[in-house]
Amino acid sequence: MSNTHPINVVALISGRGSNLQSLINAQQQGKLNVEFSSVISNRDDAAGLQFCERANIPTTVINHTLFKDRLSYDKELIKEIDRHNPYLIILAGFMRILSPEFVAHYSGRLVNIHPSLLPNFKGLHTHQQALDAEATEHGASVHFVTEELDGGPILMQTAVKVKESDDADTLSQRVLKQEHKLYPAAVQLIAERRVELKNGKLYVDDSELKQPLRI
Ligand code: GRF
């Protein structure tokens, strides 16, 4: 691994946290040059919080039901995130729509993983959407977050073949396995300071990325 200083990251979760776990594993195995300064969840029952504690990563719960509206919640979230001054904010199954103010505040520093080959199948139930569309290929994408839901510039993708025998469950399991490789790979590229978002376009090693990288 490079000997540059690890990037400081904050991750946001809402539930299971298996993608976060894959990032923590990669970091512990020396394959991901990040330091988790905090993991924040909007739910106190998020399973992902438990293994953070085991990995000695500080956690904070900011319960969205206690806030009068989206913006007041997001302002509190910004306050908590900014205490850590992160280089990157990682959404890992954070099941909330973010306000334009939040997205603008972290422009170029906010990434998400979405379980489809974007721009196909935005939103929820992506595996069922892929089956309904009779897609032959499906997968996952890591993208920078912009105001358009699941619409920001895509850094990296991974694909799986859709089998005739697949249902949404079997397909989601195969995609999730790939997600666990994809997210650490994409974040490592960012940790190597090789990725930049400028005027809505992604640059990798100073060249404009014309299409998403594939692993
Ligand atoms: C993943 O499928 C991810 O692509 C999507 O939400 C799910 C989160 O799963 N954004 P987990 O909490 O990381 O296990």
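Among the residues of segment 162-185, how many are in a loop (DSSP other than H, G, I, E, B) and either hydroxyl-bearing (Ser, Thr, Tyr) or touching a Cys at 6+ places or on another chain (Cβ under 8 Å) (or both)?
The total comes to 1.
Among all residue pairs at least 6 apart or on different chains, which show Cβ distances below 6 Å where the first residue, located in segment 172-186, is of a type in the set (D, E, K, R) and the second is more than 8 Å from the ligand (Cβ to nearest atom)?
174/160
Check whether at least one residue in segment 52-71 is in contact with a strand residue (DSSP E or B) (Cβ under 9 Å, 6 or more places away or on another chain), under 27 Å from residue 116 (Cα atoms), within 16 Å of the ligand (Cβ to nearest atom) and not aromatic (Phe, Trp, Tyr), and report yes or no.
The answer is yes; a qualifying residue exists.
Give me the pairs: first residue in segment 16-32 and farther than 15 Å from residue 6 by Cα, second residue within 15 Å of the ligand (Cβ to nearest atom) and among the acidic types (Asp, Glu), beta-carbon distance under 6 Å, and six or more apart or on different chains, which are they?
19/179
Scan segment 19-65 residue by residue and report those that are surrounded by fewer than 21 Cβ atoms within 10 Å (Cβ to Cβ), in contact with a Leu (Cβ under 8 Å, 6 or more places away or on another chain) and among the β-branched types (Val, Ile, Thr).
Within segment 19-65, 59, 61, 62 qualify.
Report the residue count in segment 15-44 for those that are among the charged types (D, E, K, R) and more than 14 Å from the ligand (Cβ to nearest atom).
3
Just to be sure, is residue 197 in contact with a Phe, Trp or Tyr (Cβ under 8 Å, 6 or more places away or on another chain) and over 23 Å from residue 22 (Cα atoms)?
Yes.
For residues that are closer than 12 Å to residue 130 by Cα and surrounded by 15 or more Cβ atoms within 10 Å (Cβ to Cβ), tally how many sit in segment 160-174.
Count: 6.
Among the residues that make up segment 68-81, is at least one of them out of contact with any Pro (no Cβ under 8 Å at 6 or more places or on another chain), surrounded by 18 or more Cβ atoms within 10 Å (Cβ to Cβ) and farther than 21 Å from residue 105 by Cα?
Scanning segment 68-81, I find no residue that is out of contact with any Pro (no Cβ under 8 Å at 6 or more places or on another chain), surrounded by 18 or more Cβ atoms within 10 Å (Cβ to Cβ) and farther than 21 Å from residue 105 by Cα, so the answer is no.
Residue check: is residue 87 over 15 Å from the mean Cα position of the chain (by Cα) and within 22 Å of residue 150 (Cα to Cα)?
No, not satisfied.
For segment 61-161, list the strands (runs of 3 or more DSSP E) that sit wholly inside it and hold at least 3 residues that are within 18 Å of residue 176 (Cβ to Cβ); which are they?
110-114, 137-144, 154-161
Among the residues of segment 191-211, is any of a type in the set (Lys, Arg), surrounded by fewer than 18 Cβ atoms within 10 Å (Cβ to Cβ) and assigned to a strand (DSSP E or B)?
yes
Taking only segment 126-150 into account, find how many residues are surrounded by fewer than 14 Cβ atoms within 10 Å (Cβ to Cβ) and either within 20 Å of residue 172 (Cα to Cα) or modelled with pLDDT of 95 or more (or both).
5
The values are calculated or read from the model by the stated rules, or taken from the named source; none is laboratory data. Just so you know, these numbers come straight off a predicted model, no measurement behind them. Neighbour counts run over all protein chains shown; Cβ positions are idealised from the backbone, glycine included.
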